[in-house]
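See below for the structure under consideration.
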Number of protein chains: 2
Amino acid sequence: MSGPTAPKTKRGAARREALLRAAEAVIGEQGFAASSIADITRRAETALGTFYIYFSSKEEVFRELVLEMGRLTRAGVTEAVQGASNRLEAEKAGLRAFLQFAADRPALYRIVEEARFIDPEVYRAYYDSFGRAYVVQLQRAQAKGEIGPGDPEVRAWALMGMAIKLGERFVLWEDKPDIDHVVEDAFALMRDGLSP
Amino acid sequence: MSGPTAPKTKRGAARREALLRAAEAVIGEQGFAASSIADITRRAETALGTFYIYFSSKEEVFRELVLEMGRLTRAGVTEAVQGASNRLEAEKAGLRAFLQFAADRPALYRIVEEARFIDPEVYRAYYDSFGRAYVVQLQRAQAKGEIGPGDPEVRAWALMGMAIKLGERFVLWEDKPDIDHVVEDAFALMRDGLSP
């Protein structure tokens, strides 16, 4: 927990959570620059001063949302790949979980991308940490012969880029995303490449 | 040419160009919100008022930079793939050209990504138009049997996402990018996938 005062009571925790959800909605819709703390407290139906009990600035609540997205994506992907019997199955399940997350929390998804310009340090830490974990998975899979050889770092970032852009195009930009279709076709590309 | 008055003289065109290059440097370094028109004219070593002869606002010069990046990337990739004898070779040459472009013009590269938040319409038009052209290439290659079957739209966006993230990680974030290495390994993934 960050913020000037981490909430000690249930009521405090609920208020902080309400402010985070309001910030997610407001910043996700309007972007960081156009969102004011007053917009956030109005959305949370609380007094302006309440915000400062839990966060010192708009920057801080923004950073907290990026960190939250990191925890949620990681937990979601980890859970999704739990049952996979090899790396290729895990890639498919992970991609599906990631795209489903974009569908469920489009604002949070957008906020992480905007972090690149608002808080480059937290943005880079987000992807570096995700990338490092991904590299370890690919190295293990390569050692077990579940995937072919190749620089795991280049692969990890290429695969992250694929998932991010697919989420933007086929989830965020679509009224009725067809996640299954995207997963099937993107996974075929991931597994077999473009080769005839 | 846009702007309140499109330059009619050589000197006018040179001044407009100087303002564009200054805007590219300033916005690329500081981000859109933190960049002022005064920062841009200072960098261009011109009077503040001169800006308004060529552009009506910071938003307009920004949009012009995104459109320029679209023209340059397209021209660069088209030229690079000219000599390719099939689609896979073209993919490799196109990826190399794109990463080289990120190395040569990092500010312009960053500006296109920031457009998502500053001017979503021009950002989307940028990728839609690039994506449409990509789809046509993949359809042709599929018809000729140069690549295997698969939804060309999903593939186009997956491949764009790959290139963009690789450019960010291995070009923008590196002091001495090793583009050849990234191209070799990313191309192997593109062609053959992860399969053992």
Pick from segment A:80-109, criterion more than 12 Å from every other protein chain (Cβ to nearest Cβ), part of a loop (DSSP other than H, G, I, E, B) and polar (S, T, N, Q), ranking: most open to solvent (accessible area, probe 1.4 Å): A:GLN82
Output for segment B:168-189, where each listed residue is farther than 17 Å from A:GLN142 by Cα and either assigned to a loop (DSSP other than H, G, I, E, B) or within 9 Å of another protein chain (Cβ to nearest Cβ) (or both): B:GLU168, B:ARG169, B:PHE170, B:TRP173, B:GLU174, B:ASP175, B:LYS176, B:PRO177, B:ASP178, B:HIS181, B:VAL182, B:GLU184
Residue match in segment A:133-153 (condition: farther than 20 Å from A:ASN86 by Cα and in a helix (DSSP H, G or I)): no
Sole residue being open to solvent by less than 30 Å² (accessible area, probe 1.4 Å), in contact with a Phe, Trp or Tyr (Cβ under 6 Å, 6 or more places away or on another chain) and touching a residue at least 40 places away in the same chain (Cβ under 8 Å), chosen from B:VAL61, B:VAL112, B:VAL122: B:VAL61
Matching residues in segment A:28-79 - criterion: being farther than 20 Å from A:ALA6 by Cβ, among the polar types (S, T, N, Q) and not in a helix (DSSP H, G or I): A:SER35, A:SER36
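Identify, from the list B:TYR134, B:TYR127, the residue that is surrounded by 20 or more Cβ atoms within 10 Å (Cβ to Cβ), of a type in the set (Phe, Trp, Tyr) and more than 8 Å from chain A (Cβ to nearest Cβ). Step through it out loud before you land on a result.
Working: B:TYR127 fails: more than 8 Å from chain A (Cβ to nearest Cβ).
Result: B:TYR134 is the single residue among B:TYR134, B:TYR127 that is surrounded by 20 or more Cβ atoms within 10 Å (Cβ to Cβ), of a type in the set (Phe, Trp, Tyr) and more than 8 Å from chain A (Cβ to nearest Cβ).
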Residues being under 19 Å from B:GLY161 (Cα atoms), at pLDDT 95 or above and of a type in the set (Asp, Glu) - total across segment A:125-173: 3
Residue selected from segment A:146-162 under the condition within 30 Å of B:LYS144 (Cα to Cα) and more than 7 Å from chain B (Cβ to nearest Cβ), by the criterion nearest to the chain's Cα centre (by Cα): A:LEU159
Segment A:141-164 - residue that is without any contact (Cβ under 8 Å) to a residue 24 or more places away in the chain and open to solvent by less than 10 Å² (accessible area, probe 1.4 Å) and, of those, nearest to A:TYR126 (Cα to Cα): A:GLY161
Restricting segment B:1-54 to residues that are acidic (Asp, Glu) and open to solvent by 40 Å² or more (accessible area, probe 1.4 Å), the residue that is nearest to A:PHE117 (Cα to Cα): B:GLU29
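Within segment A:126-145, does at least one residue satisfy the condition of being small (Gly, Ala, Ser), farther than 26 Å from A:ARG191 by Cα and within 13 Å of the chain's Cα centre (by Cα)? It would help to see each step written out before you state the result.
Looking only at segment A:126-145, we keep the residues that are small (Gly, Ala, Ser), and these are A:129, A:131, A:133, A:141, A:143, A:145.
Those still in the list that are farther than 26 Å from A:ARG191 by Cα too: none.
Scanning segment A:126-145 turns up no residue that is small (Gly, Ala, Ser), farther than 26 Å from A:ARG191 by Cα and within 13 Å of the chain's Cα centre (by Cα).
The values are calculated or read from the model by the stated rules, or taken from the named source; none is laboratory data. It should be emphasised that the depicted structure is a prediction, and the values quoted were computed from it without experimental measurement. Quick reminder, even Gly has a Cβ in these numbers, built from the backbone with ideal geometry, and neighbours come from all protein chains shown. Just so you know, the surface numbers come from the protein's heavy atoms only, side chains and all, with ligands and any DNA or RNA stripped out. Shrake-Rupley method; radii C 1.70, N 1.55, O 1.52, S 1.80 Å.
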